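Note sheet for the following structure.
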Amino acid sequence: MKRILCLMLIVAMAFTMAACGKDKPIDEGVLIPTPTQTMDAFLQALKARDLDMLKDYYEGDVGDLSLLEEIDEPALSGMVDSMMEKILDFDYTLDNEVIDGNEATVDVYFKTYDFADIMEKLIAAILQDAMVLSISGLDQDELEAEINEIMASKFEELMKTAEKDQTVKVTMPLVMKSNKWLVKDINKLDDFTNALFGGLTKYAEGLDLFD
């Protein structure tokens, strides 16, 4: 069961960027986006999915932005696609830009779907079916395939009624390199990942899914 629940976290993420706003003059007339403008471009990147253009706004290796591996259960592919669509459907507002030398922060208020709540409801919904199936005489592969199908179906039902009602503030760090602001490596920012996934990563940690 834990392995199946872990599949809910196996979502590959691609990224893009779309710069906007006015530029700020610095260093001998060179124009660069401000930290807030850079952060905005980076978040537009998450929504628009253009990995190549993201490179101009990100300190880390864009090749490492794919959070988890591919899913190999066909029964769950639709669930992953649906979850990806909802994850990238986040809204955000930016506030409180702070610059300290070559470092900066921008507060991001993410508005996302509460995937932790969706997961909790999903687990409750499939427990009874899973218990019945466990004494059905199916072998391990058949049992897992049946549970996968049930999970995918119930997940789709929950997503149809899901609302974007969770708001989380994350203070995002940036660094000045080569006369431009870059968003720091998000793989080191647990709060960012948890916010984008609607609380799902912390919920999964609480279930000890990664032990």
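The values are calculated or read from the model by the stated rules, or taken from the named source; none is laboratory data. It should be emphasised that the depicted structure is a prediction, and the values quoted were computed from it without experimental measurement. Cβ placement follows ideal geometry from the backbone for every residue including glycine, while neighbour counts extend to all protein chains displayed.
Out of Glu146, Glu97, I need the residue that is within 23 Å of Ala45 (Cα to Cα), touching a residue at least 12 places away in the same chain (Cβ under 8 Å) and over 18 Å from the mean Cα position of the chain (by Cα). Which one?
On inspection, the qualifying residue turns out to be Glu97.
Suppose we filter Tyr92, Tyr58 for residues that are closer than 25 Å to Tyr203 by Cα, more than 13 Å from the chain's Cα centre (by Cα) and at pLDDT 80 or above; which single one remains?
None of the others qualify; the one that does is Tyr92.
Among the residues of the range 102-143, which ones are in a strand (DSSP E or B), under 19 Å from the mean Cα position of the chain (by Cα) and either surrounded by fewer than 19 Cβ atoms within 10 Å (Cβ to Cβ) or without any contact (Cβ under 8 Å) to a residue 60 or more places away in the chain (or both)?
Asp107, Tyr109, Lys111, listed by residue number.
What residue, among those in the range 153-187 that are touching a residue at least 40 places away in the same chain (Cβ under 8 Å) and out of contact with any strand residue (DSSP E or B) (no Cβ under 9 Å at 6 or more places or on another chain), is surrounded by the fewest Cβ atoms within 10 Å (Cβ to Cβ)?
Glu163
Out of the residues in the range 43-58 that are in contact with a Leu (Cβ under 7 Å, 6 or more places away or on another chain) and part of a helix (DSSP H, G or I), which is surrounded by the fewest Cβ atoms within 10 Å (Cβ to Cβ)?
By that ranking, first place goes to Lys47.
Within the range 188-211, restricting attention to residues that are at pLDDT 85 or above and among the aromatic types (Phe, Trp, Tyr), which residue is surrounded by the fewest Cβ atoms within 10 Å (Cβ to Cβ)?
Checked the range 188-211; the qualifying residue surrounded by the fewest Cβ atoms within 10 Å (Cβ to Cβ) is Phe192.
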